[in-house]
Structure formats: structure tokens, C-alpha cells
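The values are calculated or read from the model by the stated rules, or taken from the named source; none is laboratory data. Being a predicted model, the structure only gives us computed values, none of them experimental. Using ideal geometry, Cβ is built from the backbone for each residue, glycine included, and neighbour counts are taken over all protein chains shown.
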Amino acid sequence: MTIPVPVPEPADETPTPRDEQLTRESPVVQAVAAATAAADAAHRRLRTVFAASVGLSPLEFNALMHVGAVADLTPKALAAHLDITTGAVTAMTDRLVGAGLVEREPNPNDRRSLLLALTATGARARQSMIDQYHDAIARALESSPDVRIERLVAVLDNTASAIGETSDAIEGTPTIHPR
């Protein structure tokens with residue numbers, strides 16, 4: 001499904017003045033927070049439902065998605081990403097291998113280590129989830145024809161960065177954000 005991206009006219013780039021200062025109590029901030037929370041809940045539910053549809057737990061599904069996204073992934077790196085022990089990753093990998101979704105390969109750079117990769121079946125399951133997610137986004141954009149895509153993406157990116165920075169401040173450890 002292809003969505004045409006409207007190109008805004010120069011006048012569309014003029015910032016809109018705000019009628020109020022944006023604070024945590026502002027109705028605008030509350031509305032955006034509620035919409036962000038609803039989108040997050042819907043996304044988590046979709047992942048959980050999709051995981052169950054292919055016989056996986058949500059954590060196993062997160063592992064499947066990460067294995068497909070990262071080349072040369074070791075079980076140790078997967079454990080760090082999922083914030084679980086290497087022993088738990090070994091047991092989970094055994095289940096994913098048994099389900100025909102993941103395979104272990106020798107690590108050419110370290111003969112004591114293995115690399116995890118998706119099988120063709122695992123890659124199809126992962127791609128199906130991505131396709132369905134993108135289809136949902138396309139439906140949302142189609143039902144919102146007046147939305148300026150560039151501005152929407154910028155707001156979502158800024159929201160993700162601000163939430164990530166807040167997490168970093170609470171945790172005390174800076175991380176690298178996707179954008």
C-alpha cells in the first residue's frame with residue numbers, strides 16, 4: 001500500500017503560535033500523552049497477539065524481532081538487549097530453534113561463540129508482523145488526510161527522544177537514540 005506524501009507549501013512551514021505555555025498540566029500535553037500511551041498500548045497488544053499467533057511468548061517474539069534486525073548477533077548480546085541472563089537466552093533459543101524460527105551458526109570470529117540468525121520461516125514471521133504494522137500505520141494516515149507527514153514524524157521523533165532522555169536521567173545512563 002503506497003501513501004502519497006503531500007509536500008507542504010512554504011506558508012505551511014510557518015510555526016503556529018501557542019496559546020498557552022506547555023506544562024505537564026496543559027490540556028495539549030495531556031492529550032498528546034494520552035494519545036502516545038494509547039499508541040504504545042496498541043503496539044504492545046499487536047506484538048502480543050502476533051506472538052501468540054505464531055506460538056511465542058512476547059519475550060520470545062521480541063527476541064525473534066531482534067535476531068532479525070541485527071547481523072552477527074551473539075546470545076550474549078541478545079541477553080543484554082532483552083535484559084535477561086545468558087542462561088535464559090539459551091533456553092529461549094532452544095525453543096526458537098525447536099520451532100524452526102532461529103538457527104545457531106558458528107561465529108567465524110570466535111570459535112567458542114555462536115551467532116543467531118533467523119531461518120526462512122522466522123524471517124517470514126518477522127516480516128509478516130512488520131507488514132501488518134505498516135499497514136495499520138498506512139490506514140491511520142489515510143484516515144487523516146490533513147496531517148502534515150513531516151511535522152508528524154518530527155513530533156513523534158521528538159517525543160521518543162524526550163521520553164528516552166527522561167529514562168536516561170532516571171537510570172543515570174545515557175543511551176543512543178535511533179534518530
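Does the range 18-40 contain any residue that is within 14 Å of the chain's Cα centre (by Cα), at pLDDT below 95 and not β-branched (Val, Ile, Thr)?
Yes: the range 18-40 contains one or more residues that are within 14 Å of the chain's Cα centre (by Cα), at pLDDT below 95 and not β-branched (Val, Ile, Thr).
Test each condition in (1) touching a residue at least 60 places away in the same chain (Cβ under 8 Å); (2) not in a helix (DSSP H, G or I) for GLU150 and report the one that comes out false.
Answer for GLU150: the failing condition is (2).
Which one of the conditions (1) surrounded by 13 or more Cβ atoms within 10 Å (Cβ to Cβ); (2) closer than 16 Å to ALA39 by Cα; (3) not hydrophobic (A, V, I, L, M, F, W, C) does ASP135 fail to meet, given that it meets all the rest?
(1)
Quick check, is ALA117 touching an Asp or Glu at 6+ places or on another chain (Cβ under 6 Å) and at pLDDT 95 or above? If you could, list the steps in order and put the result at the bottom.
Values: touching an Asp or Glu at 6+ places or on another chain (Cβ under 6 Å): yes; at pLDDT 95 or above: yes.
Criteria met by ALA117.
Being part of a helix (DSSP H, G or I), closer than 16 Å to LEU114 by Cβ and in contact with a Ser or Thr (Cβ under 7 Å, 6 or more places away or on another chain) is the filter here, so list the residues in the range 43-79 that pass it.
Step one: filter the range 43-79 for residues part of a helix (DSSP H, G or I), giving 43-53, 58-69, 75-79.
Of the ones still in play, those that are also closer than 16 Å to LEU114 by Cβ are 63, 66-67, 75-79.
Hits for the range 43-79 are PRO75, LYS76, ALA79.
Are there any pairs with C-beta distances below 6 angstrom linking a residue in the range 163-176 that is part of a loop (DSSP other than H, G, I, E, B) to a residue that is modelled with pLDDT of 80 or more, with the two at least 6 apart or on different chains, and if so which?
Listed by first residue and then by second, the contacts come to PRO174/ASP168; THR175/ASP168.
Go through the range 121-151 and count every residue that is hydrophobic (A, V, I, L, M, F, W, C) and closer than 30 Å to GLY100 by Cα.
Within the range 121-151, the subset hydrophobic (A, V, I, L, M, F, W, C) is 123, 125, 129-130, 136-138, 140-141, 147, 149.
Narrowing further to those that are closer than 30 Å to GLY100 by Cα: 123, 125, 129-130, 136-137.
Going through the range 121-151 one residue at a time, the tally reaches 6.
Considering every residue within the range 47-61, establish whether at least one is surrounded by 14 or more Cβ atoms within 10 Å (Cβ to Cβ), in contact (Cβ under 8 Å) with a residue 24 or more places away in the chain and within 23 Å of VAL155 (Cα to Cα).
no
Residue by residue, here is whether (1) charged (D, E, K, R); (2) exposed (fewer than 12 other Cβ atoms within 10 Å of the Cβ); (3) part of a helix (DSSP H, G or I); (4) without any contact (Cβ under 8 Å) to a residue 40 or more places away in the chain holds:
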| position | (1), (2), (3), (4) |
| --- | --- |
| HIS81 | no, no, yes, yes |
| ILE84 | no, no, no, yes |
| MET92 | no, no, yes, yes |
| VAL97 | no, no, yes, yes |
| ARG104 | yes, no, no, yes |
| ARG111 | yes, yes, no, yes |
| ASP146 | yes, yes, no, yes |
| ALA154 | no, no, yes, yes |
